[in-house]
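The values are calculated or read from the model by the stated rules, or taken from the named source; none is laboratory data. Remember, it's a predicted structure, so these values are computed and weren't measured experimentally. Cβ atoms come from the backbone with ideal geometry, glycine included; neighbour counts cover every protein chain shown.
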Amino acid sequence: MSDLQAAEEDELDKSKAPLLDHLIELRRRLLWSVAALAVAFGGCLYFAQPIFGFLVKPLLAAGQHRLIYTAVFEAFFVQIKVAFFAALMISFPIIASQIWLFVAPGLYARERRAFLPFLFMTPVLFIAGASLAYFVAMPLALHYLLSYQGDFGGIQQEALPGVGNYLDFSMHFIFGFGVAFLLPVLLMLLERAGLVTRKALVRGRRYAIVISTVIAAVLTPPDAISMLLLAVPLILLYELSLIAIWFTERKRAKEADKASA
């Protein structure tokens, strides 16, 4: 065993604690996470109407200037859901840091250095996917879906979307695109854990293209433009993941050579 490995073993031994201490630490991290979510929810509930006003801008850009609600409590529950979704996104960095602080003591120093970048990549990629959905995919989808309005043989067909229906539509897009953009993080974590290899991912490229197309078809309306807006970035992210894994493999190989020397 090298000196570096022995030092890491000593560090890990020092961080060991009884099961009760781990449970107390877990409770403390959960309380901090719940407190952060609760504080964010309170603030977002106060600003729920402006937040919802931000979400309806793609609908306004598509030419729809009216939303309705038919159930008595529908508008109220929409405000609650808007506040909760916004609070979840705002408090995510704190929740993720609490998870990291609970898990990190049980990892070697080199493992902490390896996994820390994924913690920073997750919100960046999620925001990139959500931004693509909000600024590009949603306006195009709404233009297509609202184009069915008009005079059909003497009958006027008009779109009157409900507030709850539109919120579900926008959250479906934003969270769907955001989670889909986490594909590189998932693949790199699976490779880091030894569950897949880069060669296996390269061989499975054609299946990845098919799966990306299916995911895009499920998460977007049935028009080709919206589907391509998600399918093409997913395929590109898959290729970028292969490149990133290639660099990490080379780095690990160099570190192994230094350790053996």
Does the stretch 236-243 contain at least one residue that is at pLDDT 85 or above, closer than 22 Å to L119 by Cβ, over 19 Å from the mean Cα position of the chain (by Cα) and in a helix (DSSP H, G or I)?
yes
Of the residues that sit in the stretch 197-226 and are within 18 Å of G178 (Cβ to Cβ) and among the hydroxyl-bearing types (S, T, Y), which one is modelled with the highest pLDDT?
S212
Here are A62, A36: which of them is touching a His at 6+ places or on another chain (Cβ under 6 Å), modelled with pLDDT of 85 or more and of a type outside the set (D, E, K, R)?
A62
So, in the stretch 107-164, how many residues would count as being assigned to a strand (DSSP E or B) and surrounded by 13 or more Cβ atoms within 10 Å (Cβ to Cβ)?
1
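Quick check on I68: is it modelled with pLDDT of 90 or more, touching a strand residue (DSSP E or B) at 6+ places or on another chain (Cβ under 6 Å) and surrounded by fewer than 16 Cβ atoms within 10 Å (Cβ to Cβ)?
Judged against the criteria, I68 is a match.
Conditions (1) within 24 Å of the chain's Cα centre (by Cα); (2) assigned to a helix (DSSP H, G or I); (3) surrounded by 17 or more Cβ atoms within 10 Å (Cβ to Cβ); (4) among the hydroxyl-bearing types (S, T, Y), marked per residue:
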{"residue": "E25", "(1), (2), (3), (4)": "no, yes, no, no"}
{"residue": "R29", "(1), (2), (3), (4)": "yes, yes, yes, no"}
{"residue": "A36", "(1), (2), (3), (4)": "yes, yes, yes, no"}
{"residue": "L59", "(1), (2), (3), (4)": "yes, yes, yes, no"}
{"residue": "V78", "(1), (2), (3), (4)": "yes, yes, yes, no"}
{"residue": "V103", "(1), (2), (3), (4)": "yes, yes, no, no"}
Against the conditions (1) part of a helix (DSSP H, G or I); (2) out of contact with any helix residue (DSSP H, G or I) (no Cβ under 9 Å at 6 or more places or on another chain), where does R66 fall short? Just the number, please.
(1)
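Could you run through the stretch 176-188 and say how many residues are touching a residue at least 60 places away in the same chain (Cβ under 8 Å) and under 8 Å from the mean Cα position of the chain (by Cα)?
Number satisfying all stated conditions: 1.
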